[in-house]
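These notes are about the structure you will find just below.
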Amino acid sequence: MTPATVHYATVTWDQLHRDARQLAAALMQTHPPFKGLVAITRGGLIPAAILARELGCRLIETISVASYAGEAGTQHEPHTLKAPEAAGDGEGFLIVDDLVDSGVTARYVRERLPKAVFACLYAKPEGMPFTDHYVMEVAQDTWVLFPWDTAPLFVPPLNKNDQG
């Protein structure tokens with residue numbers, strides 16, 4: 001039996017910022033100004049900060065949803081750790097996340113804010129039905145490495161005999 005291959009896509013800070021600005025430009029063309037943003041924590045916090053700046057939004061709410069447990073990332077039924085107080089049913093608000101993957105979290109948040117617009121930077125096929133806007137599609141079997149999840153490390157040269 002062959003082990004499953006995991007594919008990785010590394011997003012740099014520069015790429016993340018470019019993609020967030022591209023998303024903001026698309027949102028400005030298709031929606032009136034938003035009353036505020038709701039960032040899905042934790043991944044949506046940085047994209048929401050960039051979008052808030054570009055869209056001129058000062059009201060930023062968060063919704064904290066737990067649906068993964070342990071290092072293995074086993075998915076469980078989502079539950080709210082912190083709800084957005086000012087967003088009501090979502091009317092006039094933009095929900096922001098970094099990535100929509102399986103759609104479990106996105107569906108859960110949309111049920112709580114049914115009138116909000118949902119946008120994320122990256123979308124996998126299973127999650128696409130739950131987002132209104134995204135910048136780039138990512139294959140379902142790809143693990144996206146965001147800049148806040150990684151650290152630059154020294155990598156030794158392949159030629160271990162090279163002394164400098």
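Taken together, the values in this text are just the output of simple stated rules run on the coordinates, not laboratory data. What you see is a predicted model, and the numbers here were worked out from it, not measured in a lab. Please note: Cβ atoms are built from the backbone with ideal geometry, for glycine as well, and neighbour counts cover all protein chains shown.
With K and R counted +1 and D and E -1, the other residues having a Cβ less than 10 Å from that of VAL144 yield a net charge of -2. Applying a DSSP loop filter and a limit of 12 other Cβ atoms within 10 Å to the GluC sites (Glu not before Pro) in region 67-159 leaves GLU71, GLU85, GLU91. Taking Cα atoms only, the orientation of helix 13-30 departs from the longest principal axis of the chain by about 30 degrees. Take the alpha-carbon centre of region 1-52, take the same for region 118-144, and report the distance between them in whole Å. For region 1-52 versus region 118-144, the Cα centre distance is 10 Å.
Select from ALA48, ALA151, ALA119 the residue whose mean-square fluctuation is largest in a Gaussian network model of the chain (Cα-Cα springs shorter than 10 Å). Sorting by GNM fluctuation, first place goes to ALA151. Subtracting the Cα-Cα distance of ARG53 and GLU137 from their residue separation scaled by 0.36 nm leaves 27.8 nm. Considering only ARG110, ARG21, ARG58, the mean-square fluctuation computed in a Gaussian network model of the chain, springs between alpha carbons under 10 angstrom, is largest for ARG58. Since only ALA87, PHE130, VAL109 are under comparison, the one whose Cα sits farthest along the positive direction of the charge dipole of region 43-139, derived from C-beta charges on Lys, Arg, Asp and Glu, is ALA87.
Close amide H partners of GLU61, meaning residues 5 or more places away or on another chain with modelled amide H under 5 Å apart, are LEU37, VAL38, ALA39.
Under a Gaussian network description of the chain, with springs only between Cα atoms under 10 Å, the residue in VAL109, VAL100, VAL65 that fluctuates furthest is VAL65.
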